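*Asks:* Below is the structure I would like to discuss, written out as structure tokens.
The values are calculated or read from the model by the stated rules, or taken from the named source; none is laboratory data. Predicted model only: the values in this text are computed from it and were never measured. Cβ: placed from backbone, ideal geometry, glycine included. Neighbour counts: every protein chain shown.
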């Protein structure tokens, strides 16, 4: 199937010029017009459908669905998306799903009704029907999907790193807090930490948690020190949970990091402002939003050029690029200083 | 000028029934139809324009412009707006202005291009042309405007409250941090605090600040204790700045609250998680967003019923309701305990 790009290339002109000729939408020099018409004929290009797609008035709106903007991890993701979309003249319809299936469906419906040209979603279920049925590009953000474009951080490596760093700094009785079962990145980092501890033959306990809420985390922090009072190192499921562990350690009169070391996950803005400032595994939230926006823009551009000639975008010639961003250990003051790297 | 509501009331039927008669869009019993037609004639009601306005396909989109969603004060505002809009089937196009005039103008332009039916803006300049020219309702959020609907907290009272509480708890050498000059709520709370201190004949110093950035606040916190080393009470311009003051006090070995008491402003989620947890003046951010959304919905409904009959909405019969929400002192552990209320 010939594309407008091939016609442009064959004729030695820009895609915009080919479009002007096909759609008679602007002045083109007579010689140029003849070259384009020859190329169209030679390549057996069927301009009408593509022309329609190119010139149909497209919205510049995309839909962004996040679990909850008041969770301090998400504003940076949202800002990364917004900055790149704004630079590219796209605008964002924004919604919070609260990880509620019905709200998610409602938002997806109204995104479509509002004629968005693409969607970025931090859903817990990238395989849901509402995404499979979409006729516009979707990028999953902070979520992995085997079949669809997604942008996420390397959680498994993050978990391993947390375990390595806390062990290298001398913790011998480690408790790992396992994040919510339905959130895959939480499980990735948990698995990474546990694998590393097993390989290093370090004793560890697990405290299961079901949310990232600070209120609930206070209870798990109490459970942690009740059930495992000898704990001298905590790998928390995220920074909010680490904060609750810090509060409980303060309450019990434990010194941080002398009596207990604590490592969080995310590096939300709060973490550097705690006392002591929290050592954590940094997910590059802003960059993740920025990359997701870039990927979506690319997919939108591809789909707008070739949609008409490819009946089903999702089973088509497109690969499904995913972007995995690196994480890193941010050393602050809830872990002890060691010189083991040198 | 007769409204559709008056026609409905006169005919003893619902507005929807009047619309069905006028627009011939559904079944209406013949007797009812005659009653409506009689009312239209009697009241000299001009149905066509209103009918057009009522039945023209309206978007359910509103524009929301905030300075920066990564400032921890704004996610709660945004969430309040979103929750109420979502309940009412409106969707939000969201943008960050960075308090940059050009970005603000760009967003307002694209809001209009995307056919929003109303705007909520936390602008520093409610009198800007781009708002005066709007033909759709606008509500200013966290900003006061004399001429336009706005929703804000009682900053002046908040400032007085901060001064009262810190004085009642024994501070005698108070330093007040004055927030950015271009942000009116920051000036309101500063003025309130200073008025209260003057009335109480308490000595105070002022440290001027130009932003709410933590990085810059660290420098002002140093300046504060350098220039005014005897300070035993700090009224900070907001919680982020208070956090920087706490860090500097820790660094200098000052005990909080024994050596220095600190009161913030806002009550962002961070504040209860600090060590010690921060005493502050709470602005009800979520409720402010919620109320702004409710006010905008009300204005949208008014404008859609009567727009066609009122040439200029802004100079019309509508009052400009504004909502001022109360603030309150949240006592935590950066202030001393006193029993002065009892």
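*Asks:* Got a number for residues in segment A:243-255 being surrounded by fewer than 22 Cβ atoms within 10 Å (Cβ to Cβ) and within 10 Å of chain B (Cβ to nearest Cβ)?
*Replies:* Residues meeting the conditions: 2.
*Asks:* So which of A:182, A:205 is surrounded by fewer than 19 Cβ atoms within 10 Å (Cβ to Cβ), in contact with a strand residue (DSSP E or B) (Cβ under 7 Å, 6 or more places away or on another chain) and at negative phi? Steps first, please.
*Replies:* Values: A:182 fails: in contact with a strand residue (DSSP E or B) (Cβ under 7 Å, 6 or more places away or on another chain).
After applying the criteria, what remains is A:205.
*Asks:* Would you mind stating whether residue B:71 is over 20 Å from residue B:300 (Cα atoms), surrounded by fewer than 24 Cβ atoms within 10 Å (Cβ to Cβ), within 9 Å of chain A (Cβ to nearest Cβ) and at pLDDT below 95? It would help to see each step written out before you state the result.
*Replies:* Numbers: over 20 Å from residue B:300 (Cα atoms): yes; surrounded by fewer than 24 Cβ atoms within 10 Å (Cβ to Cβ): yes; within 9 Å of chain A (Cβ to nearest Cβ): yes; at pLDDT below 95: yes.
Here the answer is yes, as residue B:71 does meet what is asked.
*Asks:* Here is a check on your reading of the model: is residue A:90 farther than 30 Å from residue A:281 by Cα and either surrounded by fewer than 15 Cβ atoms within 10 Å (Cβ to Cβ) or modelled with pLDDT of 85 or more (or both)? First the steps, then the outcome.
*Replies:* Working: farther than 30 Å from residue A:281 by Cα: yes; either surrounded by fewer than 15 Cβ atoms within 10 Å (Cβ to Cβ) or modelled with pLDDT of 85 or more (or both): yes.
Spelling it out, residue A:90 is indeed farther than 30 Å from residue A:281 by Cα and either surrounded by fewer than 15 Cβ atoms within 10 Å (Cβ to Cβ) or modelled with pLDDT of 85 or more (or both).
*Asks:* Right, next: If residue A:198 satisfies every condition in (1) under 16 Å from residue A:264 (Cα atoms); (2) touching a strand residue (DSSP E or B) at 6+ places or on another chain (Cβ under 9 Å); (3) not in a loop (DSSP other than H, G, I, E, B) but one, which is the exception?
*Replies:* Here residue A:198 meets the rest and fails (1).
*Asks:* Now, a different point. When you scan segment B:135-145, do you find a residue that is within 14 Å of chain A (Cβ to nearest Cβ), crowded, with 23+ Cβ neighbours inside 10 Å and in contact (Cβ under 8 Å) with a residue 60 or more places away in the chain, even just one?
*Replies:* Residues of segment B:135-145 that are within 14 Å of chain A (Cβ to nearest Cβ), as a first pass: none.
No, every residue in segment B:135-145 fails to be within 14 Å of chain A (Cβ to nearest Cβ), crowded, with 23+ Cβ neighbours inside 10 Å and in contact (Cβ under 8 Å) with a residue 60 or more places away in the chain.
*Asks:* Quick one: would you say residue B:234 is closer than 18 Å to residue B:178 by Cα, away from chain A (no Cβ under 13 Å) and surrounded by 21 or more Cβ atoms within 10 Å (Cβ to Cβ)?
*Replies:* yes
*Asks:* What's the number of the condition residue A:86 fails, among (1) touching a strand residue (DSSP E or B) at 6+ places or on another chain (Cβ under 9 Å); (2) touching a residue at least 24 places away in the same chain (Cβ under 8 Å); (3) not in a strand (DSSP E or B)?
*Replies:* Every condition holds for residue A:86 apart from (2).
*Asks:* Conditions first: (1) out of contact with any helix residue (DSSP H, G or I) (no Cβ under 6 Å at 6 or more places or on another chain); (2) at the interface with chain A (Cβ under 10 Å from one of its Cβ atoms); (3) farther than 17 Å from residue B:297 by Cβ. Residue B:101 passes all but one, so which condition is the exception?
*Replies:* (2)
*Asks:* Here are B:191, B:169: which of them is in contact with a helix residue (DSSP H, G or I) (Cβ under 7 Å, 6 or more places away or on another chain) and at pLDDT 95 or above?
*Replies:* Values: B:169 fails: in contact with a helix residue (DSSP H, G or I) (Cβ under 7 Å, 6 or more places away or on another chain).
After ruling out the rest, the residue left standing is B:191.
*Asks:* Can you name every one of the strands (runs of 3 or more DSSP E) wholly within segment A:118-181 that holds 1 or more residues which are within 30 Å of residue A:228 (Cα to Cα)?
*Replies:* Numbers: elements: A:118-121, A:138-141, A:150-153, A:174-178.
Correct list: A:174-178.
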